[in-house]
Amino acid sequence: MPQTSVTDTLREYQSLLELLDDAYWEASCIVHKDMLYDIISIFSQEVAELNKLSIQDHHYPYEVITEGIRRIVPKLESLDEARELIIQRTQTLTDFRDILSSVLGILEDQLRTL
């Protein structure tokens, strides 16, 4: 299976960030907001680093850049398990399920190669 390109990874991460931002503002509990903010911060750092790459490099296979993204999978899995409690809006929840599986696939491929 070919590795995901930087362009595809950026698209998936940015989609996830948009959904996490929606979920943050929809969350009613400060504990849930803290969890979402932590995940948002980690993905924002990775996206910022990816955006520093030359546009000519975006066709190359994605490789994890920041340390935080290496440790995010357990946090994403916890969010996935509690998603119906944390994510209140139906549309956000539905979209989150779709994008999370894609993001976890990218991250698991990366962790396997480390």
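The values are calculated or read from the model by the stated rules, or taken from the named source; none is laboratory data. Fair warning: this is a prediction, and the values are worked out from it, not measured in the lab. A quick note on method: Cβ atoms are made from the backbone with ideal geometry, for glycine too, and the neighbour counts reach across all protein chains shown. Calculation scope for accessible area: heavy atoms of the full protein, side chains included, ligands and nucleic acids excluded. Shrake-Rupley method; radii C 1.70, N 1.55, O 1.52, S 1.80 Å.
Normalised per residue, the accessible area of the chain is 58 Å², obtained with a 1.4 Å probe and no contribution from ligands, DNA or RNA.
Of the chymotrypsin sites (Phe, Trp or Tyr not before Pro) found in segment 1-86, no site is in coil according to DSSP while having at most 10 other Cβ atoms within 10 Å of its Cβ. Annotation for segment 19-61 versus segment 76-114: alpha-carbon center distance of 12 Å.
With all protein chains present, how much of the accessible area of the chain (probe radius 1.4 Å) comes from carbon and sulfur, to the nearest whole percent? Carbon plus sulfur share of accessible area: 51 percent. Taking one quarter of the surface of the C-alpha convex hull of the chain gives a mean projected area of 6.9 nm².
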